[in-house]
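As structure tokens, the structure follows; a few thoughts come after it.
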Amino acid sequence: MLPTSSAAPPLRTLFRTMTLTAAWTLAACNRQQPVEETAAPVASAEKPVPGPALLALADSNAAELLLPYGRQYPASGVVLHTRLGDITVKLYDDTPIHKANFLLLARRGVFDETVFNRVVKGFAVQGGASDHRTIRMNRYRLPPEIKPHHLHRRGALGMARYDDEQNPGQLSSSTDFYFVLGEKLSADQSKAMAGRPLTAAQQRVYATVGGVPSLDGKYTVFGEVTDGLDVIERIGNEPVDAYKWPLADVSIKVEILP
């Protein structure tokens, strides 16, 4: 049973106090960007899965350890199983650090101990946090792999981070991921949200698929939903508490695809 807002668990209290300065405008409303979860995990034995030790990873060595792991243990993507349905995700090869990190944590069972913990209807759903994680791991971040051709289109998978004031290197969280919702936008709307010129092809994406162009160039997009966009929409429609945490947990079980 989830506690009420008057007895918020630690992570929800953190979300109240860790409000980021940047906000995004969508459908005439301010939408807060995905936020990095910061509670420390509880000690437990790691699953015996090949790859870097989760307690060995740090900001300084994440790329060095993850890149060879990703080459040795590749996969095309994952399926996230939830009570609202399954989400099939393709992981991009040109963001190899983020891809390898996601596969490592999925294989170690880290995401299986987490939930979708921040839901902003019409904007994004964020997962990767938990009140009851038991797997021990260091808190480390990933170097950015921001690619101009990976847009924040509807169904894009990105990694959350702190804003530039706290994080000038735009380092990604290692655990807090999000799926983009957004709306279909006219050319004028998408250009206004992006705050930069958009190509005709980019304008078509936001007009036909939808998304949140204001996030482009600020966060690493490292995958996309190939099946289950309706599931993300259902998660986005879940009733939430004052901290945008769904009132009924939407837990996650990750299956690795070949």
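The values are calculated or read from the model by the stated rules, or taken from the named source; none is laboratory data. Bear in mind the structure is a predicted one, so any value in this text is a computation, not a measurement. Positions of Cβ are backbone-derived with ideal geometry, glycine not excepted, and every protein chain shown enters the neighbour counts.
Descriptive notes on the structure:
Results for (1) over 20 Å from N138 (Cα atoms); (2) modelled with pLDDT of 95 or more; (3) in contact with a helix residue (DSSP H, G or I) (Cβ under 8 Å, 6 or more places away or on another chain), shown as yes or no for each residue.
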residue: A8; (1), (2), (3): yes, no, yes
residue: E37; (1), (2), (3): no, no, yes
residue: K47; (1), (2), (3): no, no, yes
residue: Q72; (1), (2), (3): yes, yes, no
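- From the list L91, L103, the lone residue that is crowded, with 20+ Cβ neighbours inside 10 Å, farther than 20 Å from G211 by Cα and of a type in the set (A, V, I, L, M, F, W, C) is L103.
- Test: residue in segment 59-66 that is at pLDDT 95 or above, touching a strand residue (DSSP E or B) at 6+ places or on another chain (Cβ under 7 Å) and farther than 20 Å from V180 by Cα: yes
- When R141 is tested against (1) of a type in the set (D, E, K, R); (2) under 25 Å from L198 (Cβ atoms); (3) in contact with an Asp or Glu (Cβ under 6 Å, 6 or more places away or on another chain), just one condition goes unmet, and that condition is (2).
- Within segment 106-126, the set of residues being part of a loop (DSSP other than H, G, I, E, B) and either touching a strand residue (DSSP E or B) at 6+ places or on another chain (Cβ under 7 Å) or buried (at least 24 other Cβ atoms within 10 Å of the Cβ) (or both) comprises V110, T114, G122, F123.
Residue by residue, here is whether (1) farther than 28 Å from L65 by Cβ; (2) surrounded by 24 or more Cβ atoms within 10 Å (Cβ to Cβ) holds:
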site: P148; (1), (2): no, no
site: L151; (1), (2): yes, yes
site: R161; (1), (2): no, yes
site: N167; (1), (2): no, no
site: D176; (1), (2): no, no
site: E183; (1), (2): yes, no
site: K191; (1), (2): yes, no
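- Unmet requirement for D93, which otherwise passes all of (1) touching a residue at least 40 places away in the same chain (Cβ under 8 Å); (2) under 18 Å from the mean Cα position of the chain (by Cα): (1)
- Any hit, segment 127-150, residues being modelled with pLDDT under 95, under 16 Å from the mean Cα position of the chain (by Cα) and part of a strand (DSSP E or B): yes
- Considering residues of segment 209-231 that are within 15 Å of the chain's Cα centre (by Cα) and of a type in the set (V, I, T) only, the residue farthest from D164 (Cα to Cα): V225
- Which numbered condition G211 fails, given (1) at pLDDT 95 or above; (2) of a type outside the set (D, E, K, R); (3) on the phi < 0 side of the Ramachandran plot: (3)
- The residue pairs whose first member lies in segment 148-174 and is acidic (D, E), whose second member is modelled with pLDDT under 95 and in a loop (DSSP other than H, G, I, E, B), and whose beta carbons are closer than 6 Å, counting only pairs six or more residues apart or on different chains, are D163/L20; D163/T21; D163/A22.
- Test: residue in segment 60-77 that is touching a residue at least 40 places away in the same chain (Cβ under 8 Å), of a type in the set (K, R) and over 20 Å from R153 (Cα atoms): no
- Candidates are the residues of segment 130-146 that are among the hydrophobic types (A, V, I, L, M, F, W, C) and under 17 Å from H98 (Cα atoms); the one that is surrounded by the most Cβ atoms within 10 Å (Cβ to Cβ) is L142.
- Residue count for segment 161-209, restricted to those that are in a loop (DSSP other than H, G, I, E, B) and within 30 Å of L103 (Cα to Cα): 17
- Breaking point among (1) part of a loop (DSSP other than H, G, I, E, B); (2) surrounded by fewer than 20 Cβ atoms within 10 Å (Cβ to Cβ); (3) not charged (D, E, K, R), for T226: (1)
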